[in-house]
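Chemist: Before I ask anything, let me first share the structure, which is written out below as structure tokens.
The values are calculated or read from the model by the stated rules, or taken from the named source; none is laboratory data. Given the structure is predicted, the values throughout are model-derived calculations rather than measurements. Cβ sites come from the backbone with ideal geometry, for glycine too, and all protein chains shown count toward neighbours. Ligands, DNA and RNA are stripped out before the accessible areas are found, and what is left, the full protein with its side chains, is counted by its heavy atoms. Shrake-Rupley method; radii C 1.70, N 1.55, O 1.52, S 1.80 Å.
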Amino acid sequence: MSKVSKALSIVAAGAFMSTAANAATFNFDFSSLYGAGGSYQTTVDGLTLTVTAGSFVDGYQYGTTRWVRDDEDNRVYGSVIGSNNSFDRNAYVNADGANGLGVYNNVRRGRTTDNTGDVDGRYWDDFLILTFDQNVQLDIARFGSFDSNDDYRMIYDMTGDDELGYGDFVTRSGDDNPQTSFPWVHDNVFGFLATGSNDDWRLAELQVSIVPLPAGGLLLLTGLAGLAAMRRRSKS
């Protein structure tokens, strides 16, 4: 390896480590919001998040259990949303203060109406859709109105169409609150889903991070590459 190539390798490694160590963190707190609407949007330090809602009509119909690999080559278990699932896109976001964001869908079965405003799996399986204006990594999620009977699942945009629906991936259920162990996936769309009849919770707080491009390192690499080219020309 030439001295220039070695220098380029060292700079590249240093730029990567510096970038990873200085990932920007963003905290979204939904515990002081009240009211309901088709969507909720907020911006924190330049990162914009839009929250919308939906429900699986007649509940989420599980596909064949399978696994996928995340960005760090770890196995993530779950199932893929199949065409036998139908959606209600008319559900809307409901906020009740300290407990955070939920889903209101006013579905009626007989004399019973599911209008609690929670993300629940009582009749239809509700989900919140989180859409960011750039790719992020989920770090921490804290849930409100959460007890020992509650579970949640994550939905990931496997199809890459910036929406959640057929062909996307639903993980196995989790029950940690706060949740701090997410698949290492950089994306701009995520979902939180309830699938059990006892599940009824809200999303109270979310922390995400962005690993910025190492602009300084890239500039330095460009400069070194230029010097190397000049050196080769002078020798020739």
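Chemist: If the Cβ limit is 6 Å and pairs must be 6+ apart or interchain, which residue in the range 91-106 that is farther than 13 Å from Tyr40 by Cα pairs with which residue that is basic (Lys, Arg) and buried (at least 21 other Cβ atoms within 10 Å of the Cβ)?
Modeler: Sorted first by the residue in the range 91-106, then by its partner, the pairs are Asn99/Arg202.
Chemist: Let me ask something else. Give the residue that is modelled with the lowest pLDDT, with candidates limited to residues of the range 26-39 that are more than 12 Å from Phe132 (Cα to Cα) and surrounded by 12 or more Cβ atoms within 10 Å (Cβ to Cβ).
Modeler: My answer is Ala36.
Chemist: Could you pull out the residue among Val185, Val189, Val136, Val208 that is in contact (Cβ under 8 Å) with a residue 12 or more places away in the chain and assigned to a loop (DSSP other than H, G, I, E, B)?
Modeler: The match here is Val185.
Chemist: Has the range 55-68 got any residue that is assigned to a loop (DSSP other than H, G, I, E, B) and either in contact with a helix residue (DSSP H, G or I) (Cβ under 6 Å, 6 or more places away or on another chain) or without any contact (Cβ under 8 Å) to a residue 12 or more places away in the chain (or both)?
Modeler: No, the range 55-68 contains no residue that is assigned to a loop (DSSP other than H, G, I, E, B) and either in contact with a helix residue (DSSP H, G or I) (Cβ under 6 Å, 6 or more places away or on another chain) or without any contact (Cβ under 8 Å) to a residue 12 or more places away in the chain (or both).
Chemist: So, in the range 23-66, exactly how many residues are of a type in the set (A, V, I, L, M, F, W, C) and within 26 Å of Ser197 (Cβ to Cβ)?
Modeler: Result for the range 23-66: 6.
Chemist: Got a number for residues in the range 62-92 being touching a strand residue (DSSP E or B) at 6+ places or on another chain (Cβ under 7 Å), polar (S, T, N, Q) and under 24 Å from Val185 (Cα atoms)?
Modeler: Matching residues across the range 62-92 total 3.
Chemist: Condition first: modelled with pLDDT of 95 or more, among the hydrophobic types (A, V, I, L, M, F, W, C) and open to solvent by 40 Å² or more (accessible area, probe 1.4 Å). Now tell me which residues in the range 172-223 satisfy that.
Modeler: Trp184
Chemist: Just wondering, is there one or more residues in the range 50-62 that are of a type outside the set (S, T, N, Q), open to solvent by 80 Å² or more (accessible area, probe 1.4 Å) and modelled with pLDDT under 95?
Modeler: Scanning the range 50-62, I find at least one residue that is of a type outside the set (S, T, N, Q), open to solvent by 80 Å² or more (accessible area, probe 1.4 Å) and modelled with pLDDT under 95, so the answer is yes.
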